[in-house]
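Below is one structure; the comments refer to it alone.
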Amino acid sequence: MTRERRLALVAITVAAVIAFLRWGLVGRNPQAPLPSALEGKTVPEAVELPLIGSESEVLFPFLAEGEEGWPAVTVVNFWGSWCTACEREMPHLVAIDKEWKACREEGGESCPVLLGVAFYDALENATAFLENHDATYPNYLDLEGKVVVGWGIYGAPETFFVDRHGKIVERWVGPIDVETLRRIAGEVAILP
């Protein structure tokens, strides 16, 4: 192989690597829906977890697999007090929870329900985090990662949208805002 051909081959290889890295690191939105092996499947098996702010352990999610009575939309957010992105996301969750609670109080039938799961966190830290943000929606504590493994969590924050049949419809990785929560929950609520 001539020297010119080797240089051309090296140049093409370098250009291909740069294009691949650019697409992989810059071209993709790091805060976006991410395919999940659980999409279209029923939520993982329910387990008992401590409910933050309560003395007891309760079933998470609140209905077992196959049970009837799921809300039109259940939004499950996985977070940690150690997570800086969760700190930015929490005001959005608190705001949408107030909106959805008002909807339920007005008798709306397709009003979403928000649940949180703090994982690999200390109870004191998770409690303080919620109190600092005035978060009042139900939050569970997964100290040992029982739920995290079952739901296939890679990091925090991650948010799942569950339909009225207990099936996972969408997964969002990264901080989520009010507009996106409202949009995706609206899309899930109209599913049969």
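Results, tabulated for the structure shown:
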item: Gyration tensor verdict on segment 85-136 (Cα atoms; rounded if a/c is under 1.5, prolate if a/b is larger than b/c, oblate otherwise); result: prolate
item: Taking N as its residue count, the alpha carbon Rg of segment 32-189 over 2.2 N^0.38 Å; result: 0.94
item: Within straight-line cross-link reach of LYS167, lysines at Cα separation under 21 Å, skipping those fewer than 8 residues along the same chain; result: LYS41, LYS146
item: Tail fraction, Cα-Cα pairs, segment 102-192, threshold 16 Å, whole percent; result: 62 percent
item: Ranking of VAL169, VAL76 by count of other Cβ atoms within 10 Å, fewest first; result: VAL169, VAL76
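Only the coordinates and a few stated rules stand behind these numbers; no lab work does. Every value quoted in this text rests on a predicted model; they were computed, and no experiment measured them. Ideal geometry is used to build each Cβ from the backbone, glycine not excepted, and the neighbour counts take in all protein chains shown.
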